[in-house]
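*Asks:* Could you have a look at this structure, given as structure tokens, before my questions?
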Amino acid sequence: MKLLSWNIQHGGGTRDVRIVSAIADHNPDIIALTEFRARPGMALCQAFAANGWPHIASSGPAGIDNGICVLSRTPLRCDRPSSAPPENAVRWLDVDLPELNFGFGVVHILTALPGAKEPEGAAKTRFWDALLAAAEARISEPLLFLGDFNTGIPMVDEAGSTFVCAEHFARLSALGWIDVWRRFHHDATEYTWYSLPKGGAPANGFRLDHAFATPSLLPRVTACRYSHAEREQKVSDHSLMILEIR
């Protein structure tokens, strides 16, 4: 089966038709969307349901909150409450796939909490602490964590050393979780998001979109790759990620 993960940028808006078309071209069995928003999300869900993805679950974002939506050709179950800090509960959705005997958590880790009067990185650290606690508790399950982590390894997943919570990102691997894309592509460099150029300077690239597997699920993962064409064509500002799982 094929699992596609994608940050669709601010809910998709007027790009909804292009988003549906781009995803349909990859023909995934399961779709995991981050930056899913309530109002434009209605049209997206209707289009996907009409085209063969009838099983839908979301984290229930309101207004312009960025949430999570999962759409599937096979039944899915979402019984587990969000483990994210309360201010970011809609940025985490746990999904079980009873017919496929594995589960996954879709996360969108924010860079900062808008309008919050707190030290830089405080909200991001709270989210990462929650993710690491869940990762430690669930390491024995056949499980993935995937989505937009807004984090990576300095000098590896970015040219410089700017990532906040890079030590948390590294801790996930230390707990025994496997960076699936890196497992297949080793020392390769690919970026899934680029900063906006300023003052004529070139844009900086970052690998922000990840999938981590537990040891028991990893043998079932047969491929993990990025598709950059959609970002280059400005369907979204992120590249999408595709995993193939037996």
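All of the numbers you see were taken from the coordinates with simple rules; none came from a lab. The model shown is predicted, which means the values in this text are computed figures rather than measured ones. So basically every Cβ, Gly included, is an ideal-geometry build from the backbone, and we count neighbours across all protein chains shown.
*Asks:* Where the only charges are on Cβ atoms (+1 Lys, Arg; -1 Asp, Glu), what is the dipole of the chain about its Cα centre, to the nearest 20 debye? The partial results should precede the final answer.
*Replies:* Working: 23 positive and 27 negative charges, 59 e Å.
Computed charge dipole of the chain: roughly 280 debye.
*Asks:* Most exposed first by the Cβ proxy, i.e. fewest other Cβ within 10 Å, how do Cys78, Cys165 rank? Walk me through the numbers on the way to the answer.
*Replies:* Numbers: Cys78 15, Cys165 21.
Result, fewest neighbours first: Cys78, Cys165.
*Asks:* Calculate for the chain the 222 nm mean residue ellipticity that helices alone would give, adding -39,500 (n - 2.57) per DSSP H run of length 4 or more and normalising by residue count, nearest 500 deg cm²/dmol. Display every interim value, and only then the final one.
*Replies:* Details: 6 runs with 59 residues, N = 246.
Taken over the chain, the calculation gives -7000 deg cm²/dmol.
*Asks:* A follow-up question, please. With an 8 Å Cα cut-off and a minimum separation of 6 or more residues, compute the relative contact order for the chain in percent.
*Replies:* 19
*Asks:* Each residue of the range 56-65 in turn: what ³J(HN,Hα) in whole Hz from Karplus with 6.51, -1.76, 1.60 and θ = phi - 60°, glycine and Pro shown as x?
*Replies:* Those phi angles translate into 10, 9, 9, 7, x, x, 10, x, 9, 4 Hz.
*Asks:* Further question on the same structure: Which net charge results for the neighbourhood of Leu208, defined as the other residues with beta-carbon distances under 10 angstrom from its beta-carbon, given Lys and Arg at +1 and Asp and Glu at -1? Walk me through the intermediate numbers first.
*Replies:* Numbers: positive: Arg207; negative: Asp148, Asp157, Glu158, Asp209.
Net local charge, Leu208 excluded: -3.
*Asks:* Using Cβ counts within 10 Å as a stand-in for footprinting exposure, how do Arg77, Arg138 rank, fewest first? Walk me through the intermediate numbers first.
*Replies:* On the way: Arg77 13, Arg138 18.
Ascending Cβ contact count within 10 Å gives the list Arg77, Arg138.
*Asks:* How do 9-15, 186-192, 70-76 rank on mean C-beta neighbours within 10 Å, highest first?
*Replies:* Values: 9-15: 16.6, 186-192: 13.1, 70-76: 19.4.
Highest-to-lowest ranking by the protection proxy: 70-76, 9-15, 186-192.
*Asks:* Pull out the extension gain between Lys117 and Ala174, defined as 0.36 nm times the separation in residues minus the alpha carbon to alpha carbon distance; nm, one decimal. Walk me through the numbers on the way to the answer.
*Replies:* Working: separation 57, 0.36 × 57 = 20.52 nm, distance 3.20 nm.
Net length gain for the segment: 17.3 nm.
*Asks:* With a 10 Å Cβ neighbour count serving as the proxy for reagent exposure, in which order, fewest first, do Ile139, Ile23 appear?
*Replies:* On the way: Ile139 14, Ile23 24.
The most exposed by this proxy come first: Ile139, Ile23.
*Asks:* Label point 7 Å out from Arg39 along Cα-to-Cβ: which residues of the range 1-31 have amide N under 20 Å?
*Replies:* Residues 8-20 qualify, since their backbone N sits under 20 Å from the label point.
*Asks:* Additional query: Which of rounded, prolate, oblate describes the range 8-157, given a ≥ b ≥ c as roots of the alpha-carbon gyration tensor eigenvalues and a/c under 1.5 marking rounded, otherwise prolate only if a/b is larger than b/c? Don't skip to the answer; put the middle values down first.
*Replies:* On the way: a/c = 1.79, a/b = 1.27, b/c = 1.41.
It is oblate, given that a/c is not under 1.5 and a/b is not larger than b/c.
*Asks:* Next question, about the same structure. Given Pro154, Ile68, Leu172, which one lies farthest toward the positive end of the charge dipole of the chain, if we put +1 on the Cβ of every Lys and Arg and -1 on the Cβ of every Asp and Glu?
*Replies:* Checked the options; the winner is Ile68.
*Asks:* Would you give the gap between the C-alpha center of the range 1-48 and the C-alpha center of the range 178-195, rounded to a whole Å?
*Replies:* The range 1-48 and the range 178-195 have Cα centres separated by 22 Å.
*Asks:* Could I have the simple spin-label model distance between Ile64 and Asn101, label points 7 Å from Cα toward Cβ, reported in nm to one decimal?
*Replies:* Modelled inter-label distance: 4.7 nm.
*Asks:* Round to a whole angstrom and tell me the spacing of the C-alpha centers of the range 63-116 and the range 230-246.
*Replies:* The two parts, judged by their Cα centres, are 18 Å apart.
*Asks:* Could you tally the net charge around Arg18, taking each other residue with its Cβ under 11 Å from the Cβ of Arg18, Lys/Arg +1 and Asp/Glu -1? Write out the running numbers ahead of the final one.
*Replies:* Details: positive: Arg15, Lys234; negative: Asp16, Asp25, Glu230.
Value of the local net charge: -1.
*Asks:* Check Asn204: other-chain or 5+ apart residues with amide H under 5 Å from its amide H, H built from backbone geometry?
*Replies:* Ser195
*Asks:* Work out, step by step, the length gained on full extension between Ala49 and Val17: first 0.36 nm times the residue separation, then minus their alpha carbon distance; give nm to one decimal.
*Replies:* Numbers: separation 32, 0.36 × 32 = 11.52 nm, distance 1.37 nm.
Going from the current span to full extension adds 10.2 nm.
*Asks:* For an R0 of 45 angstrom, estimate the FRET efficiency from the Cβ-Cβ distance between Ala203 and Arg77 and round to the nearest 0.05.
*Replies:* The pair Ala203/Arg77 has a calculated efficiency of 0.65.
*Asks:* Here is a follow-up. How far, in nm, would the chain grow between Asp237 and Arg225 when pulled straight, counting 0.36 nm per residue and subtracting the alpha carbon separation?
*Replies:* Result for the pair: 2.6 nm of gain on full extension.
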